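Enquirer: Structure provided below as structure tokens; questions to follow.
The values are calculated or read from the model by the stated rules, or taken from the named source; none is laboratory data. Just so it is clear, the structure is predicted and the values come from calculations on it, not from any experiment. Note: ideal-geometry Cβ built from the backbone for every residue, glycine included; neighbour counts use all protein chains shown. All accessible areas refer to the heavy atoms of the entire protein, side chains included, with ligands and DNA or RNA removed. Shrake-Rupley method; radii C 1.70, N 1.55, O 1.52, S 1.80 Å.
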Amino acid sequence: YLAAPERFAKATSVLQGQITSCASSVSQAAGVSALNDVDDSWLENNVVIMKEKRDYVLQELAKMDGVSVSVPPNGAFYVLPDVSKYYNGDDTQLCLDLLKEKKLALVPGESFGAPGTVRISYATSMEELQTAMTKLREFLESL
């Protein structure tokens, strides 16, 4: 919804339609450039780095009591561990309390059709992941 003068509302509507109906021309050009101009070794190196981050997160989650991963990621950069043992499966409240108490933002799995889980992205630095996994472990251990 938008409350604006008519000329702004019309311009916004055109922009919104272009952004949401398909990939914008800028995004398409960036995609073509990525496919044509990025060296394969760069991509291969980044795949190795993402696998290392994924494996680290999975290893840390495996150490946490009551947390399990039924489907490890294989191509995505996030994981949805089952945390339904906590908060009677209320993943939203778990995430809210985790944010309040530990300043760690995770997304409730309910938002992705996976109630009782939380979404953890590992598309960040290893240092951030280490901090996040420590905070999550400490939070769950305190329950």
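Enquirer: Give the longest segment of the chain that steers clear of trypsin sites (Lys or Arg not before Pro) in DSSP loops with at most 12 neighbouring Cβ atoms within 10 Å, not counting the sites themselves.
Expert: Numbers: sites that count: LYS63, LYS103.
The segment 1-62 is the longest one with no such site.
Enquirer: Which chymotrypsin sites (Phe, Trp or Tyr not before Pro) from the stretch 1-50 combine a DSSP loop assignment with at most 15 other Cβ atoms within 10 Å? Intermediate results must be reported in sequence, preceding the final value.
Expert: Working: sites: TYR1, PHE8, TRP42; in loops: TYR1.
Sites meeting the loop and neighbour criteria: TYR1.
Enquirer: With the radius of gyration and the Kirkwood radius both derived from the Cα set of the chain, what is their ratio Rg to Rh?
Expert: Numbers: Rg = 19.7 Å, Rh = 17.9 Å.
Value, to two decimals: 1.10.
Enquirer: Anyone know which of GLN59, GLN93, GLN28 comes out most mobile in the 10 Å Cα GNM of the chain?
Expert: GLN28
Enquirer: With the full set of protein chains in place, find how many percent of the accessible area of the chain is carbon and sulfur; take the probe as 1.4 Å.
Expert: Values: 5350 of 9760 Å².
Carbon with sulfur: 55 percent of the solvent-accessible area.
Enquirer: Among PRO5, VAL57, GLY17, whose Cα lies farthest out toward the positive end of the dipole of the stretch 1-62, if unit charges sit on the beta carbon of Lys, Arg (+1) and Asp, Glu (-1)?
Expert: Of the listed residues, the answer is PRO5.
Enquirer: Which whole-percent values make up P(r) of the stretch 76-125 when all C-alpha to C-alpha distances are grouped in 5 Å steps starting at zero?
Expert: Cα pair-distance distribution for the stretch 76-125, in percent: 6, 24, 29, 26, 11, 3, 0.
Enquirer: Assigning unit charges at the beta carbon (Lys, Arg +1; Asp, Glu -1) and nothing else, what dipole magnitude in debye, to the nearest 20, does the chain show about its Cα centre?
Expert: On the way: 13 positive and 19 negative charges, 84 e Å.
That gives the chain a dipole magnitude of about 400 debye.
Enquirer: Leaving out same-chain residues fewer than 8 places away, which lysines sit with a Cα under 23 Å from that of LYS63?
Expert: LYS51, LYS53, LYS85, LYS102, LYS103, LYS135
Enquirer: Give me the Å³ per residue figure for the convex hull around the C-alpha atoms of the stretch 38-91. Can you show the working numbers first?
Expert: Working: hull volume 3.8 nm³, N = 54.
About 71 Å³ per residue, rounded to a whole number.
Enquirer: Here's something else I'd like to know. With +1 on the Cβ of every Lys and Arg and -1 on the Cβ of every Asp and Glu, and nothing else charged, how large is the dipole of the stretch 32-97 about its Cα centre, in debye rounded to the nearest 20? Can you show the working numbers first?
Expert: Numbers: 5 positive and 12 negative charges, 39 e Å.
The dipole of the stretch 32-97 has a size of about 180 debye.
Enquirer: Would you please calculate the Kirkwood hydrodynamic radius of the stretch 98-137 over all C-alpha pairs and express it in Å, rounded to one decimal?
Expert: Working: mean 1/r = 0.0925 Å⁻¹.
Result for the stretch 98-137 stands at 10.8 Å.
Enquirer: How much area per residue is accessible in the chain when the probe is 1.4 Å and only protein heavy atoms are counted (Å²)? Each step should come with its number before you reach the end.
Expert: Details: 9760 Å² over 143 residues.
Per residue, the chain has an accessible area of 68 Å².
Enquirer: Here is a follow-up. Which of PHE77, LEU98, VAL67 sits closest to the plus end of the dipole of the stretch 23-103, meaning its Cα is farthest towards the positive end, when Lys and Arg get +1 and Asp and Glu get -1 on the C-beta?
Expert: Of the candidates, LEU98 comes out farthest on the positive side.
Enquirer: I've got another one for you. Along its three principal axes, how long is the stretch 8-66 when you only count alpha carbons? Whole Å, largest extent first please.
Expert: 54, 37, 15
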